[in-house]
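Reviewing the structure listed below.
The values are calculated or read from the model by the stated rules, or taken from the named source; none is laboratory data. Everything quoted here is computed from the prediction, not taken from an experiment. Quick reminder, even Gly has a Cβ in these numbers, built from the backbone with ideal geometry, and neighbours come from all protein chains shown.
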Amino acid sequence: METTDYLAVFWGIYMIVWSVLLLFKPDLKYKIIDFAKNGEQLKKLAWVIVVLGGIHIFYHNIWVGTSHQIMITLFGWIMLVKGLFILLAKYPAWIAEEVLDGGYFIPLLLLLILLGIYLLDNVYHFIAMF
């Protein structure tokens, strides 16, 4: 397996697990909002996200290739930008509340589950088996 495949498996499992958890444990999103209200812990997490996003981009920055290779590269850039945004945003808790309590939250989770399945299928080809 190459780096793209490892990252596709990681991101696919990550998306599916977190989406399913947030779908079936609705109280979890309120714990996330509470965490976002604690500015000091959130800033530490934001620095971790920035560093991991930078490492992700350093090892996987492919803009020409298959769709899932480009998607994996975009995840690294999104992680980096998200970390910087959390560091620079004035009201990250308000933004978290808007996203988690918005009417588009459930469709977003379903989309993330499908995206996770797509990434895993690109590595393991389990949908083509049926």
Check your understanding: Would a scan of segment 95-117 turn up a residue that is of a type in the set (Phe, Trp, Tyr) and over 18 Å from ILE16 (Cβ atoms)?
Key -> yes
Revision key, fill the gap. Picked from segment 52-73 (must be assigned to a helix (DSSP H, G or I) and over 16 Å from PHE10 (Cβ atoms)), the residue modelled with the lowest pLDDT is SER67
Check your understanding: Does ILE33 satisfy the criteria of being farther than 25 Å from PHE58 by Cα, of a type outside the set (D, E, K, R) and in contact with a helix residue (DSSP H, G or I) (Cβ under 9 Å, 6 or more places away or on another chain)?
Key -> yes
**Study point:** Residue among LEU114, LEU7, LEU52 that is crowded, with 17+ Cβ neighbours inside 10 Å and at negative phi
**Key:** LEU7
Check your understanding: Picking from LYS43, LYS90, which residue would you name as being charged (D, E, K, R) and in contact (Cβ under 8 Å) with a residue 24 or more places away in the chain?
Key -> LYS43
Check your understanding: Looking at segment 82-130, which of its residues are small (Gly, Ala, Ser) and farther than 22 Å from ALA46 by Cα?
Key -> GLY102, GLY103, GLY116, ALA128
Study note, to complete from the structure: Considering segment 1-29, residues that are assigned to a helix (DSSP H, G or I) and without any contact (Cβ under 8 Å) to a residue 40 or more places away in the chain, and then whichever is nearest to LYS90 (Cα to Cα), we arrive at LEU28
